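The values are calculated or read from the model by the stated rules, or taken from the named source; none is laboratory data. Since the model is a prediction, treat every value here as computed from it, not as a measurement. Backbone-built Cβ (ideal geometry, glycine too); neighbour counts: all protein chains shown.
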Amino acid sequence: MAYVRTTCILLLSIACSPSARADTPTLQTAIGDPHDFKLSGSVRLRYETLEGQPRTGFRSSDEQLALRSTLSAEYRGETFLIGGEIYDSRAYLDKAGSAVSANEVNALELVQAYVGIDVKDALGNGTSAGFQFGRMTLNLGSRRLVAADDYRNTTNGYTGVRADFKTAGGTVGTLIYTLPQIRLPDDPPSIQKSEVRWDRESFDLRLWGATIARPKAIGKVTGELSYYRLQERDGPTRATLVGPSRSCRR
């Protein structure tokens, strides 16, 4: 039986009153807190140990010191926005035979780099629509199918287009057509050295679909309908999980 222990070390975590927290310096306040530009960052350090490795081919006892640093910036004008986010995910204390992978290590990666536009009354009076293009993270619906992983040391990135709309009656929807980013490097020697290599996307791996939600569909209950499909195609160096395509519905 495997035993896993995780110790989270939250840097700059201070128990204080709400008024004291409001006075805590941030990157945003350091630049004067402009209304049209947002700047934020985070650093998370976590120590993990494992006893009784359940998978073959790895050390029976393992440990890892996972460090994740992020920096994001976004400028929002009246009808457009431009933004980006860097993730620097690294792991230490791993030894030969450790199970460290691209799930833990992705050094200096530009996970997000996007532009977007907002369109008022796109579908008639009282409606709105927004479009986003480029590299992005996604949190859709209840996050059961498509989400930016926060507990893991790395996150999920996508390259493509996203469209959001809202009708005058309050119905909201999101449509996406994206190429999920494959985290690189993915070979053990490069991962252990935290090599910097640009993540790759291609039409061999595609994720597309939509979510539509209507508030008070039945009484106070919100009705939501989603359809997403993940399509995969084998490549010279990467085999897919279940053949030419895989779909997921809800």
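Summary of computed values
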{"read-out": "Single unsatisfied condition, Asp204 versus (1) crowded, with 18+ Cβ neighbours inside 10 Å; (2) over 28 Å from Gly124 (Cβ atoms)", "value": "(1)"}
{"read-out": "Output for the stretch 168-187, where each listed residue is outside any strand (DSSP E or B) and surrounded by 17 or more Cβ atoms within 10 Å (Cβ to Cβ)", "value": "Gln181, Arg183, Leu184, Pro185, Asp186"}
{"read-out": "Number of the exception - Glu195 against (1) of a type in the set (D, E, K, R); (2) within 26 Å of Ile82 (Cα to Cα); (3) touching a strand residue (DSSP E or B) at 6+ places or on another chain (Cβ under 9 Å); (4) assigned to a loop (DSSP other than H, G, I, E, B)", "value": "(2)"}
{"read-out": "Residues that are modelled with pLDDT under 95 and either within 15 Å of Leu175 (Cα to Cα) or of a type in the set (A, V, I, L, M, F, W, C) (or both), drawn from the stretch 143-164", "value": "Arg143, Leu145, Val146, Ala147, Ala148"}
{"read-out": "Check on Ser194, out of contact with any helix residue (DSSP H, G or I) (no Cβ under 6 Å at 6 or more places or on another chain), among the small types (Gly, Ala, Ser) and at negative phi", "value": "no"}
{"read-out": "Residue check for Asp149: touching a Gly at 6+ places or on another chain (Cβ under 8 Å) and acidic (Asp, Glu)", "value": "no"}
{"read-out": "Residue satisfying condition, being modelled with pLDDT of 95 or more, in contact with a Leu (Cβ under 9 Å, 6 or more places away or on another chain), surrounded by 14 or more Cβ atoms within 10 Å (Cβ to Cβ) and in a strand (DSSP E or B), within set Leu81, Leu39", "value": "Leu39"}
{"read-out": "Subset of the stretch 133-160 (residues that are among the basic types (Lys, Arg) and surrounded by fewer than 21 Cβ atoms within 10 Å (Cβ to Cβ))", "value": "Arg143, Arg144, Arg152"}
